[in-house]
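Just below is one structure, and these are the notes that go with it.
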Amino acid sequence: ASEDEEGGQPIDRQKVALDLRGEALMWPHTSVEDEALSTAAQLFISMDLLEDGLNLYHWIQQRTPTHGGAVAYEEVVCASAPKLFDILRNQGNVTRALGIYRSFLDDTRMHACVDPQTRSDAAAAAQAAGLPALAAKWLGQAVAEGVARADAAENLVQLASIYLEEGKVDSAAKTLDYLENLQMERSSLRTDAVRADVLAAQGLYDEAISSYNSAIEASF
């Protein structure tokens, strides 16, 4: 309102946010604290300080779990956390991106905020960071929520590959069998290559060689 007045001075939103945070600390463990901090967090986010805003929201939730935290928590996290995850991942900050995903989006309340592609991207980031168990969990969720998507077949092949890395050969084979039964459009090269790895792990070397040959033919 001050900015809209004739001759009004622009408001330093960051100072307002810091002042609100200081005011909130005078009302510990109350809804006043929650909402003052929520407003401060939203101001940070409005200035594109997404990580600062989300971390402040995380602090609110941890500090007052019996009251359920700030009223706007789910709405703000739904809008901001997937965006920040993509920004950090695209910048190559895989560890920080995974931290945002695990802190805010790997939660049953947030499933409606995360599309299958984002979940698939999180799985790829987890695998790149050497966390196959997380990658398998998130890929499984992406497959379950987005089987009709064009990338669903690739998710299943990737899931089979992760199972194989973890030594779960039977699970990898069953995942590939499931994919074949779905008769979905998929990459013959990628599928045959992973199938060959599974067959080799099962000791079925003749079948593995045949599958490797099929993968080589598909590459041409």
Checklist line | Qualifying residues in region 97-111 (those that are in a helix (DSSP H, G or I) and either under 17 Å from TRP59 (Cα atoms) or touching an Asp or Glu at 6+ places or on another chain (Cβ under 7 Å) (or both)) - the one most open to solvent (accessible area, probe 1.4 Å) | finding: ARG102
Notebook entry, point to check: Of all residues in region 117-135, which are surrounded by 21 or more Cβ atoms within 10 Å (Cβ to Cβ) and either of a type outside the set (Ser, Thr, Tyr) or closer than 18 Å to THR95 by Cβ (or both)?
Noted result: ARG119, ASP121, ALA122, ALA123, ALA125, ALA126, ALA135
Checklist line | Matching option when the condition is touching a residue at least 12 places away in the same chain (Cβ under 8 Å), among the hydrophobic types (A, V, I, L, M, F, W, C) and open to solvent by 10 Å² or more (accessible area, probe 1.4 Å), among VAL114, VAL94 | finding: VAL94
Next item on the list: Would you tally the residues in region 153-176 being open to solvent by less than 40 Å² (accessible area, probe 1.4 Å) and either part of a loop (DSSP other than H, G, I, E, B) or of a type in the set (Ser, Thr, Tyr) (or both)?
Entry: 2
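Rundown of residues vs (1) modelled with pLDDT of 85 or more; (2) of a type in the set (S, T, N, Q); (3) loosely packed, with under 12 Cβ neighbours inside 10 Å; (4) within 24 Å of the chain's Cα centre (by Cα), yes/no style:
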site: GLU5; (1), (2), (3), (4): no, no, yes, no
site: ARG13; (1), (2), (3), (4): no, no, no, no
site: GLY22; (1), (2), (3), (4): yes, no, yes, no
site: SER31; (1), (2), (3), (4): no, yes, no, no
site: ASP34; (1), (2), (3), (4): no, no, no, no
site: ASN55; (1), (2), (3), (4): yes, yes, no, yes
site: HIS67; (1), (2), (3), (4): no, no, no, no
site: TYR73; (1), (2), (3), (4): no, no, no, yes
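The values are calculated or read from the model by the stated rules, or taken from the named source; none is laboratory data. Remember, predicted model here, so these are calculated numbers, not experimental data. Here the Cβ is made from the backbone with ideal geometry for all residues, glycine too, and neighbour counts use every protein chain on show. Heavy atoms of the whole protein, side chains included, go into the accessibility calculation; ligands, DNA and RNA do not. Shrake-Rupley method; radii C 1.70, N 1.55, O 1.52, S 1.80 Å.
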